[in-house]
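First the structure, in the form of structure tokens, and then the observations on it.
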Amino acid sequence: GQLPTWLQGILIRNGPGMHTIGESKYNHWFDGLALLHSFTFKNGEVYYRSKYLRSDTYNCNIEANRIVVSEFGTMAYPDPCKNIFAKAFSYLSHTIPEFTDNCLINILKAGDDFYATGETNFIRKINPQTLETLEKVDYNKYLAVNLATSHPHYDSAGNVLNMGTSIVDKGKTKYVLFKIPSSVPEKEKKKSCFKHLEVVCSIPSQSLLHPSYYHSFGLTENYIIFIEQPFRLDIVKMATAYIRGVSWASCLAYNKDDKTWFHFIDRKTKKEVSTKFYTDAFVFFHHINAYEEDGHIIFDLIAYTDNSLYDMFYLKNLGKDFEENTKLTSIPTCKRFVVPLQYNKDAEVGSNLVRLASPATAVKEKDGSIYCQPEILCEGIELPRINYDYNGKKYKYVFATEVQWSPVPTKIAKFNTQTKEMLHWGQDHCWPSEPVFVPSPDAKEEDDGVVLTCVVKGDPQEAPFLLILDAKTFTELGRAIVNVEMHMDLHGMFIPEQAVKTETV
């Protein structure tokens, strides 16, 4: 096929790549050592490159020829010579463990630089052209967070907004929203933008010792949306996991009888909206988009009725008959919530406060809280992406992978949130990755552009490829076949040519 001549830049993808080191194996697919890979588009041609992230975790493991740094689903024991008392003492002396810098989930842009990110307090700077690993950044040096999401937002000025969890800091556990500026004052050019990082606000956790797990958050023009779900980390269990010989993943628990709380923070005043909004228990990883309309906040996300998705990816479940044998017990469901921020305070108890034409409801309860029920937009899609120019604004299109009952994507989908129409691309034994939308330079409409996805074949003898689809029609424009073993990955970013600092490669 043919590539559009305007498509110039680098698609970088991140995900777990190495699961065996020496004789030792990770327990979970999400634990594998980070493997970066990139497709560089230049004058109608595509160049491929891949490289392991040379994190401290990678270096320690490779040097020891076994897993010595713990990951979320795999507890490692660094020094087999230490007796149990020395181990216990060294562990109890720092209740919150030192986390891994195996940043295997996504790519973050801060200032002119790019970073590989995971969900701990560490991120690693990378060179987007060579994929070389550069310095390590510890968020904890700039603010008290132990965990941070891999799905930041970017405002119109290029500043990064992200969220992290601060565990039992000064007797409080809270969720912290912070901002990394896109540039630093001229006289401080040598300093990193992280030195100017600022805390926007914090939200106290409902429970000191059971903070909610979250993978992403939402953003509209005037509000930050944070969802506290009943999928929680048990800090006491986490602090003793090492001694008990269990993984941190075993310290996560979902309570299906609990509520899911919605928090809305005004971006100007940095204060939380005082009304309590909630819905039924669910587990979710990905927000899609959010916007405001006539005094309401509308937000879309992909939710599950249980936490089986995480369990699916234990390596013991990923055998050769994986597609046939592994079935989700909860199908991913695309839900739209409509939340009335401005409503009649004298409305009757039991009345629906949503004034827009929508099947979603928000019902006033006796205690003044508001119980929200969503509209179901569609089922069976995950890893959603949008045209980011429409982030926080009214939008139509979601580009996503289609998963149905197996957690491995089999198709790419384009879903129209307004008409509910869906377009697909799929072929037998093809497993596509998260689709990335790249707008064309003179785009007039939301779907003017291309969709990029890496496709791994079910048969290891068949070569994987990068697929380029016309985002409007979902027809194939071309594919770049890569004659190497390519891994399924998680998330990534397209960096336009002009955003790549030209360094000598």
Are there trypsin sites (Lys or Arg not before Pro) in segment 330-360 that DSSP marks as loop and that have at most 11 other Cβ atoms within 10 Å, and which are they?
-> Lys345
Along the charge dipole of the chain, Cβ charges K/R +1 and D/E -1, which of Tyr142, Leu383, His296 sits furthest on the positive end?
-> Tyr142
Reduced to Cα centres, the span from segment 290-306 to segment 192-271 in Å works out to 18
Once amide H atoms are placed 1.01 Å from N in the peptide plane, what residues at a sequence separation of 5 or more from Glu71, or on another chain, have their amide H within under 5 Å of its amide H?
-> Ala76
Once phi is turned into θ = phi - 60°, what whole-Hz ³J(HN,Hα) does the Karplus curve with 6.51, -1.76 and 1.60 give for every residue of segment 280-290, x standing for Gly and Pro?
-> 6, 5, 7, 10, 9, 10, 10, 6, 9, 6, 8
Using modelled backbone amide H atoms (1.01 Å from N, in-plane), which distant-in-sequence or interchain residues come within less than 5 Å of Lys172's amide H?
-> none
Karplus ³J(HN,Hα) for segment 125-139 (6.51 cos²θ - 1.76 cosθ + 1.60, θ = phi - 60°; Hz, whole; x = Gly/Pro) runs 5, 10, 8, x, 7, 9, 6, 5, 8, 10, 5, 9, 10, 10, 4
Relative contact order (percent, whole number), the chain, Cα cutoff 8 Å, 6+ residue spacing | 12
With a 1.4 angstrom probe the carbon and sulfur portion of accessible area for segment 9-499, in percent, totals 51
Which loop-located trypsin sites (Lys or Arg not before Pro) does segment 193-269 contain, where loop means any DSSP state but H, G, I, E or B and the Cβ has at most 14 other Cβ atoms within 10 Å?
-> Lys256, Lys268
Under a point-charge model restricted to the Cβ atoms of Lys and Arg (+1) and Asp and Glu (-1), what is the dipole moment magnitude of segment 340-424 relative to its Cα centre, in debye to the nearest 20?
-> 300
Counting other Cβ atoms within 10 Å, which GluC sites (Glu not before Pro) in segment 185-253 have at most 15 and lie in a DSSP loop?
-> Glu221
In Å, the C-alpha Rg and Dmax of segment 230-307 are 16.5, 54
HN-Hα J in Hz across segment 394-402 - Karplus 6.51, -1.76, 1.60, θ = phi - 60°, x for Gly and Pro | 4, 9, 10, 10, 10, 9, 8, 8, 9
Short version: what are the Cα gyration tensor semi-axes of the chain, square root of 5 times each eigenvalue, largest first, in whole Å?
-> 32, 31, 24
Which value at 222 nm does the chain reach when only helices count, each DSSP H run of 4 or more adding -39,500 (n - 2.57), with the total divided by all residues and rounded to the nearest 500 deg cm²/dmol?
-> -2000 deg cm²/dmol
Return a whole-number percent for the relative contact order of segment 241-373, with Cα pairs under 8 Å and 6 or more residues apart as the contact set.
-> 20
May I ask which residue of Ser369, Ala249, Thr165 lies farthest towards the positive end of the charge dipole of the chain, with charges of +1 (Lys, Arg) and -1 (Asp, Glu) on Cβ and the Cα centre as origin?
-> Thr165
For the chain, size of Cβ-based charge dipole, Lys and Arg +1, Asp and Glu -1, in debye = 1300
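The values are calculated or read from the model by the stated rules, or taken from the named source; none is laboratory data. Since the model is a prediction, treat every value here as computed from it, not as a measurement. Methodologically, a virtual Cβ is constructed for each residue, glycine included, from the backbone with ideal geometry; neighbour enumeration extends over all protein chains shown. Keep in mind that these areas ignore ligands, DNA and RNA; they rest on the heavy atoms of the full protein, side chains included. Shrake-Rupley method; radii C 1.70, N 1.55, O 1.52, S 1.80 Å.
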